[in-house]
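**Q** Next up is a structure, given as structure tokens.
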Amino acid sequence: MDARIAIVNPFWNGLQVIRSITRWNETEFAPCDLERTHPQSRFDLMFWYHGARNATAIKMESDILNAMGRSKGCFANIRFDYSNLPNSGDARADPTLQFYHLWDLFAAEKFPYDYFFLMEADTFPIRPNWLKKIFIECACRSAFWVKGSTYWLMDWYVYKTLGVHINGNALYNVQDRRFREYVIQSIRSDTVNAFDMAIYRWFLPDPRKKQTSSVDLPRQFQQYYVHADFVINWAHSNWTVEGMQDRGSQLYFVHSKALIG
């Protein structure tokens, strides 16, 4: 498969990113084999800051690159992009506005990738060579648009609220023009929910939806909304690396702030 893949790390706090990516220098959590060079890497790494590029942000770029250490060699290119958005402090609205900004990059042809893995600072690898796992998920025979994890620790109340939506820390296939149109349509139709819920709810059978043009029957695309086991959304519940590794050899990432140890 000849495809360009980006690891997209959106953030608002540089210190959180540094704490997260410092772990990539540990052999057991490294993106690739740190003992080898990877001149033909098909992966770019995109650090994607919510605000503007100012003196503080420039210093942050340097600190992040220093924290990456040897793991920088796993990527063909490392880029910093800026959404130039105000920080309202709203944990739902800010990430959502930033995600929508990514589609502006598509429109301006400034995002030349076929796939991207959205990997916030609280998405932790639990095994080494995880770029290879991302490549395998991209290259699978089954077509997908979004591939990721629902919230695993749901009670009935949470299920009624969240359903089986795929958390935003997921793998996206953006080669298909229909998907790009679908995302734009879904987010324009939902000004209340976070972006991952807006995408999910656009799939739901709802006669009140106003559906148009090439996405007028979104439910025919449900097969492209794929729940997968390479990432798990564990939310706010405590977990350990060893405990997650015991859940199966296909699990490589845990999205949760509650890592113990």
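The values are calculated or read from the model by the stated rules, or taken from the named source; none is laboratory data. The structure displayed is predicted, hence computed values, not measured ones. Cβ atoms come from the backbone with ideal geometry, glycine included; neighbour counts cover every protein chain shown. Just the protein is used for accessible areas: all its heavy atoms, side chains included, with ligands, DNA and RNA removed. Shrake-Rupley method; radii C 1.70, N 1.55, O 1.52, S 1.80 Å.
**Q** Please enumerate the residues belonging to the range 172-218 that are open to solvent by less than 60 Å² (accessible area, probe 1.4 Å), in contact with a Phe, Trp or Tyr (Cβ under 8 Å, 6 or more places away or on another chain), part of a loop (DSSP other than H, G, I, E, B) and modelled with pLDDT of 70 or more.
**A** If the condition is that a residue be open to solvent by less than 60 Å² (accessible area, probe 1.4 Å), in contact with a Phe, Trp or Tyr (Cβ under 8 Å, 6 or more places away or on another chain), part of a loop (DSSP other than H, G, I, E, B) and modelled with pLDDT of 70 or more, then VAL174, ASP176, ASP190 are the ones that fit.
**Q** Is the range 78-91 home to any residue that is modelled with pLDDT under 85, open to solvent by less than 40 Å² (accessible area, probe 1.4 Å), within 17 Å of the chain's Cα centre (by Cα) and among the aliphatic types (A, V, I, L, M)?
**A** no
**Q** Right, something else. So, in the range 22-60, how many residues would count as being touching a residue at least 12 places away in the same chain (Cβ under 8 Å), among the charged types (D, E, K, R), assigned to a loop (DSSP other than H, G, I, E, B) and more than 22 Å from TYR115 (Cβ to Cβ)?
**A** Result for the range 22-60: 1.
**Q** For the range 139-171, which positions are at pLDDT 85 or above and in contact with a Leu (Cβ under 7 Å, 6 or more places away or on another chain)?
**A** Listed by number, the residues that qualify are LYS147, GLY148, GLY168, ASN169, ALA170.
**Q** Please state which of the following conditions GLU120 fails to meet, knowing it meets all the rest: (1) crowded, with 19+ Cβ neighbours inside 10 Å; (2) more than 22 Å from PHE195 (Cβ to Cβ); (3) modelled with pLDDT under 95.
**A** Tallying (1) crowded, with 19+ Cβ neighbours inside 10 Å; (2) more than 22 Å from PHE195 (Cβ to Cβ); (3) modelled with pLDDT under 95, GLU120 fails exactly one: (2).
**Q** Please indicate, with yes or no, whether at least one residue in the range 36-44 is surrounded by 13 or more Cβ atoms within 10 Å (Cβ to Cβ), under 19 Å from the mean Cα position of the chain (by Cα) and farther than 22 Å from VAL146 by Cβ. Give the derivation first.
**A** Residues of the range 36-44 surrounded by 13 or more Cβ atoms within 10 Å (Cβ to Cβ): 38, 41-44.
Narrowing further to those that are under 19 Å from the mean Cα position of the chain (by Cα): 42-44.
This time we only want the ones that are farther than 22 Å from VAL146 by Cβ, so: none.
No, that holds for no residue.
**Q** Which number in (1) open to solvent by 20 Å² or more (accessible area, probe 1.4 Å); (2) in contact with a Ser or Thr (Cβ under 8 Å, 6 or more places away or on another chain); (3) under 24 Å from ILE232 (Cα atoms) marks the one condition that HIS101 misses?
**A** Single failed check for HIS101: (3).
**Q** What's the total number of residues in the range 235-248 that are small (Gly, Ala, Ser) and in contact (Cβ under 8 Å) with a residue 60 or more places away in the chain? Steps first, please.
**A** Start the filter on the range 235-248 by keeping residues that are small (Gly, Ala, Ser), which leaves 235, 237, 243, 248.
Then keep just the ones that are in contact (Cβ under 8 Å) with a residue 60 or more places away in the chain; that gives 235, 237.
Going through the range 235-248 one residue at a time, the tally reaches 2.
**Q** I'd like to check something: does the range 52-75 contain any residue that is more than 30 Å from GLN245 (Cβ to Cβ) and among the β-branched types (Val, Ile, Thr)?
**A** Yes.
**Q** Do you know which residues across the range 138-149 are part of a helix (DSSP H, G or I) and open to solvent by less than 20 Å² (accessible area, probe 1.4 Å)?
**A** Going through the range 138-149, the residues part of a helix (DSSP H, G or I) turn out to be 138-139.
If the condition is that a residue be part of a helix (DSSP H, G or I) and open to solvent by less than 20 Å² (accessible area, probe 1.4 Å), then CYS138 is the only one that fits.
**Q** Out of the residues in the range 52-72 that are in contact with a Ser or Thr (Cβ under 9 Å, 6 or more places away or on another chain) and surrounded by fewer than 18 Cβ atoms within 10 Å (Cβ to Cβ), state the one that is farthest from TRP24 (Cα to Cα). Can you show your working first?
**A** Pass one, the range 52-72, residues in contact with a Ser or Thr (Cβ under 9 Å, 6 or more places away or on another chain): 52, 67-69.
Within this subset, residues satisfying the condition of being surrounded by fewer than 18 Cβ atoms within 10 Å (Cβ to Cβ) are 52, 69.
Values: ALA52: 26, GLY69: 8 Å.
My answer is ALA52.
**Q** Mind checking whether some residue in the range 93-109 is modelled with pLDDT of 90 or more and either more than 20 Å from ASN169 (Cβ to Cβ) or outside any loop (DSSP other than H, G, I, E, B) (or both)? Lay out the reasoning, then the answer.
**A** Residues of the range 93-109 modelled with pLDDT of 90 or more: none.
No, that holds for no residue.
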